[in-house]
Amino acid sequence: MFTLSHLSDIHLSPMPRARRRELFGKRALGYVNWHRGRKLVHRRDILDVLTRDIIERKPDHIAVTGDLVNLGLPEEFVRAAEWLHHLGTPDRVTAIPGNHDAYVRLHPDHGTKLWQPYMQSNDAGEALIRTPITGFPFIRRFGDIALVALSSAIPTMPFIAAGRLGSAQRALLGLALEELGRQDLFRVILIHHPPVSGLSNWRRGLRDRRAFTKILKEHGAELVLHGHNHEQTLVEVETMTGPACVVGVPSASEAVAGRIPAARYNDYRIERVKGGWACEMLGRAVSDVGGRVCESERRLLRER
Ligand SMILES: [Fe+2]
């Protein structure tokens, strides 16, 4: 049995002090937005409670699907790297970027490059599929399990939080899924934006979600994990190799208030069984503000 923990949309707080020259364009709007309300929603104490629960439960691997930072300030990337390090070593944690991690164009040395050890293939994955020069998709293989990590993070205009994979990444995704399927591995796709229709509008959605869904249907995958919507969602897509479960997870740092879902992560227990795979999802959510983490859902996603 392999246990994979999935969390997303960390939106690490507190926000570091920003220099005046760093607050231009989209960042200026985001800065106002943050101080007017978002800082009350994304709380460090909530994230710390959830993080501690994950670490104590010792999953085999942890996947973080983006939006680690808020405005893309260089100091935010440094702090997010420290948080990743606290979560686990790079061989135990895989990260991909979200739209907030590409909030503005930034020199790579000051941005996601600081998370590079967490955003690259491992030897077993590289032996199967070479990582392209663009960095995505990259593959991490752990025995029978293969993580296919994508980047849908692109800089956008203010008030737009859309994403895109692009034709080159999509083409490589198809080839990777085909090869990993031939090897009879349990394929888990990691992507920040919900990659199927009906889950977000044009301002927030994945621009090439139809093309993604076509690839998924043609080549198959067993599980697709995403964030971005800060909601627990589950969509099943019928593919050439059987059903693929597309699961979104709430933010890992949101305080429980009104209609905002409690901060949560999901554990996936994956096991090879006769004739296929069994996969059970266990939701673990913060039960009250700053309080304990409890099991909030248990669901068998597939049994063969
Ligand atoms: Fe997002």
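Using just the helices of the chain, give the 222 nm mean residue ellipticity in deg cm²/dmol: DSSP H runs with n ≥ 4 each add -39,500 (n - 2.57), and the total is spread over all residues, rounded to 500. Kindly include the intermediate steps, with their values, before the conclusion.
Working: 6 runs with 70 residues, N = 304.
Roughly -7000 deg cm²/dmol at 222 nm, from the helical runs in the chain.
Quick check for you: which residues of the range 145-169 have the amide N under 18 Å from the point 7 Å beyond the Cα of Thr134 toward its beta carbon?
Label zone hits: 148-156, 162-169.
Based on alpha-carbon centroids, what's the gap between the range 205-231 and the range 85-151 in Å, whole number please?
18
Hey, with R₀ at 22 Å, roughly what FRET efficiency would Glu271 and Thr89 work out to, going by the Cβ-Cβ distance, to 0.05?
Numbers: r = 25 Å, r/R0 = 1.11.
Efficiency, from the Cβ-Cβ distance: 0.35.
Averaged across orientations, what area in nm² does the convex hull of the alpha carbons in the chain project? Write down the numbers at each step before the final one.
Details: hull surface 56.8 nm².
Over all viewing directions, the chain projects a mean Cα-hull area of 14.2 nm².
Direction-averaged shadow area of the convex hull around the Cα atoms of the range 1-114, nm²? Before the final figure, lay out each step's value.
Working: hull surface 28.5 nm².
Computing the convex hull of the Cα atoms and averaging its projections yields 7.1 nm².
If you take the beta carbon distance between Asp184 and Val235 as r and set R0 to 25 Å, what does 1/(1 + (r/R0)^6) give as a FRET efficiency, to the nearest 0.05?
Details: r = 25 Å, r/R0 = 0.98.
Using R0 = 25 Å, I get an efficiency of 0.55.
Do any chymotrypsin sites (Phe, Trp or Tyr not before Pro) in the range 134-211 lie in a DSSP loop with no more than 12 other beta carbon atoms within 10 Å, and if so, which? Can you show the working numbers first?
Working: sites: Phe138, Phe142, Phe159, Phe186, Trp202; in loops: Phe159, Trp202.
Sites meeting the loop and neighbour criteria: Phe159, Trp202.
What dipole magnitude, in Debye to the nearest 20, does the chain give about its Cα centre under +1 on Lys/Arg Cβ and -1 on Asp/Glu Cβ? Working shown, then result.
Numbers: 43 positive and 34 negative charges, 211 e Å.
Dipole magnitude for the chain comes out near 1020 debye.
Is the range 162-304 best put as rounded, prolate or oblate by its Cα gyration tensor, with a ≥ b ≥ c the root eigenvalues, rounded for a/c under 1.5, and otherwise prolate when a/b is larger than b/c, oblate when not? Present the calculation step by step, with values, prior to reporting the outcome.
On the way: a/c = 2.62, a/b = 1.31, b/c = 2.00.
Taking the square roots of the gyration eigenvalues as a ≥ b ≥ c, the range 162-304 is oblate.
Could you check the spin-label model distance between Arg304 and Met157? Points 7 Å from the Cα along Cα→Cβ, value in nm.
Result for the modelled spin labels: 5.3 nm.
Using only Cα atoms and rounding to the nearest 10 degrees, what angle (0 to 90) does helix 167-182 make with the longest principal axis of the chain?
Approximately 40 degrees, to the nearest ten.
Taking 8 Å as the Cα distance limit and 6 or more residues as the minimum spacing, I'd like the relative contact order of the chain as a percentage. Present the calculation step by step, with values, prior to reporting the outcome.
Working: 704 pairs, mean separation 60.2, N = 304.
Once divided by the residue count of the chain, the mean separation gives 20 percent.
If you keep only loop residues by DSSP, which trypsin sites (Lys or Arg not before Pro) in the range 15-97 have at most 11 other Cβ atoms within 10 Å of their Cβ? Could you put the intermediate results ahead of the total?
Values: sites: Arg17, Arg19, Arg20, Arg21, Lys26, Arg27, Arg36, Arg38, Lys39, Arg43, Arg44, Arg52, Arg57, Arg79, Arg92; in loops: Arg17, Arg19, Arg43, Arg92.
For trypsin sites (Lys or Arg not before Pro) across the range 15-97 that sit outside H, G, I, E and B with at most 11 neighbouring Cβ atoms in 10 Å, the list reads Arg17, Arg19.
To the nearest 10 degrees, how steeply does helix 44-57 sit against the main Cα axis of the chain, on a 0 to 90 scale?
30
Any chance you could give the angle, 0 to 90 degrees and rounded to 10, that helix 209-219 forms with the longest Cα principal axis of the chain?
The angle comes out at about 20 degrees.
Return the Rg/Rh value of the range 73-153, two decimal places, where both radii are evaluated on C-alpha atoms and Rh is the Kirkwood radius. Working shown, then result.
Working: Rg = 12.9 Å, Rh = 13.2 Å.
Rounded to two decimals, Rg/Rh equals 0.97.
Quick one: if the Förster radius is 22 Å, what FRET efficiency do Lys217 and Ala171 give, using the C-beta to C-beta distance and rounding to 0.05? Present the calculation step by step, with values, prior to reporting the outcome.
Numbers: r = 16 Å, r/R0 = 0.71.
For Lys217 and Ala171, the calculated efficiency is 0.90.
I want to check the label-to-label distance for Arg57 and Ser197. Put each point 7 Å from Cα in the C-beta direction and report it in nm to one decimal.
Result for the modelled spin labels: 3.4 nm.
So how strong a dipole does the range 228-278 carry about its Cα centre when Lys and Arg Cβ are +1 and Asp and Glu Cβ are -1, to the nearest 20 debye? Before the final figure, lay out each step's value.
Numbers: 5 positive and 6 negative charges, 31 e Å.
It comes to approximately 160 debye.
Taking a probe of 1.4 Å, how large is the accessible area per residue of the chain, in Å²?
Values: 13590 Å² over 304 residues.
With the other protein chains kept in place, the chain gives 45 Å² per residue.
Give the residue from Gly283, Gly88, His100 lying farthest towards the positive end of the charge dipole for the chain; charges sit on Cβ (+1 for Lys and Arg, -1 for Asp and Glu) and the dipole is referred to the Cα centre.
Looking along the dipole axis, the top candidate is His100.
Taking Cα pairs under 8 Å and at least six residues apart, what relative contact order does the range 1-104 come out at, in percent?
Values: 133 pairs, mean separation 42.1, N = 104.
About 40 percent, as a whole number.
Can you give me the relative contact order of the range 86-244 as a percent, contacts being Cα pairs under 8 Å and 6 or more apart? Mind dumping the intermediate values first?
On the way: 279 pairs, mean separation 31.2, N = 159.
Reported relative contact order: 20 percent.
Could I have the simple spin-label model distance between Glu126 and Ala28, label points 7 Å from Cα toward Cβ, reported in nm to one decimal?
The two pseudo-label positions are separated by 4.4 nm.
The values are calculated or read from the model by the stated rules, or taken from the named source; none is laboratory data. Because the structure is predicted, anything quoted here is derived from the model rather than measured. Heads up, the Cβs are rebuilt from the backbone with ideal geometry, glycines too, and the neighbour counts pull from every protein chain shown. For accessibility, only protein heavy atoms count, side chains too; no ligands or nucleic acids. Shrake-Rupley method; radii C 1.70, N 1.55, O 1.52, S 1.80 Å.
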